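**Q** I am attaching a structure below and will ask some questions about it afterwards.
The values are calculated or read from the model by the stated rules, or taken from the named source; none is laboratory data. All of these numbers come straight from a predicted model, not from anything done at the bench. When we count neighbours, we look across all protein chains shown, and the Cβ atoms used for this are built from the backbone with ideal geometry, even at glycine. All accessible areas refer to the heavy atoms of the entire protein, side chains included, with ligands and DNA or RNA removed. Shrake-Rupley method; radii C 1.70, N 1.55, O 1.52, S 1.80 Å.
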Amino acid sequence: MPTVEPDVQGDDQAPDPHLEARQVTAAWQRIEAWLCAHAPASYASLKAGASEGEISALEDTLGVRVPAGLKALWSLRAGVHDMRGAGFLLDDQTLMDLDAVAAFHRQQMLLQQRNRDDEFPTWRPSWIPFCSFWVDDRSYGLYLDTDTGQLCHFSRYAERWPKYASLTVYLEEIADALDAPSLASGSKPGLAGGALGVGTADPSRPAESVGAVHRVTARP
């Protein structure tokens with residue numbers, strides 16, 4: 001797992017949103033190209049991209065600006081269908097669609113209002129949920145902290161902590177693991193019946209014919 005370093009950049013060194021969008025786009029295109037070539041079940045789960053108007057409407061709903069990198073990703077693919085192969089992100093999680101993002105954000109903000117603890121909040125308006133355990137199961141997952149740019153873990157038990165330095169780092173880790181699975185230092189990619197899983201592979205089991213990717217047991 002990449003080390004999350006504190007943000008020590010000054011205002012004159014703020015991240016370039018155009019560079020962030022290009023990096024996210026490049027990393028995602030690497031992932032999607034691999035899915036298309038080797039994991040047809042996972043590739044088939046991808047939804048179409050969202051329009052600029054749909055993302056703008058989500059921003060109005062959330063009350064927060066969607067960062068350039070996440071906006072670029074959603075313009076390419078705005079979630080996955082509830083089907084076999086959809087859990088191809090790290091730890092076999094699924095990309096949330098915009099409706100799920102809005103609903104989960106609203107739910108968490110209502111819980112925060114009831115909690116009334118501003119010092120140790122269970123959710124902030126600036127936290128945008130990104131992926132979850134499954135399409136219809138949001139017991140845990142990742143959210144993007146728009147204040148810091150970090151991807152952070154969430155769970156139903158109000159656990160919150162930074163996990164990846166940025167969306168770019170997260171997607172590049174997946175893409176690198178697919179390109180060179182033997183060199184991956186963290187979660188290992190695996191295939192079963194055309195579905196990709198990242199994080200549950202068993203290196204002791206025989207590899208499939210595609211590169212050095214290991215077999216895993218896919219979710220039904």
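**Q** Quick one: would you say Val101 is touching a Pro at 6+ places or on another chain (Cβ under 7 Å) and buried (at least 23 other Cβ atoms within 10 Å of the Cβ)?
**A** So Val101 fits the description; yes.
**Q** Which of the residues that make up the stretch 35-55 are assigned to a helix (DSSP H, G or I) and in contact with a strand residue (DSSP E or B) (Cβ under 8 Å, 6 or more places away or on another chain)?
**A** Within the stretch 35-55, Leu35, His38, Ala41, Ser42 qualify.
**Q** Quick check on my filter: what residues within the stretch 23-68 are hydroxyl-bearing (Ser, Thr, Tyr) and open to solvent by less than 60 Å² (accessible area, probe 1.4 Å)?
**A** Scanning the stretch 23-68 gives Thr25, Ser42, Ser45, Ser51, Ser56.
**Q** Which pairs have Cβ atoms under 6 Å, sit 6 or more apart or on different chains, and link a residue in the stretch 104-115 that is over 15 Å from Phe154 (Cα atoms) to one that is open to solvent by 80 Å² or more (accessible area, probe 1.4 Å) and of a type in the set (Ser, Thr, Tyr)?
**A** Close Cβ pairs satisfying both conditions: none exist.
**Q** So which strands (runs of 3 or more DSSP E) are wholly in the stretch 123-220 and hold at least 3 residues that are on the phi < 0 side of the Ramachandran plot, modelled with pLDDT of 90 or more and open to solvent by 20 Å² or more (accessible area, probe 1.4 Å)?
**A** Values: elements: 127-134, 137-145, 151-155, 160-164, 189-192, 195-198.
Passing ranges, in order: 137-145, 160-164.
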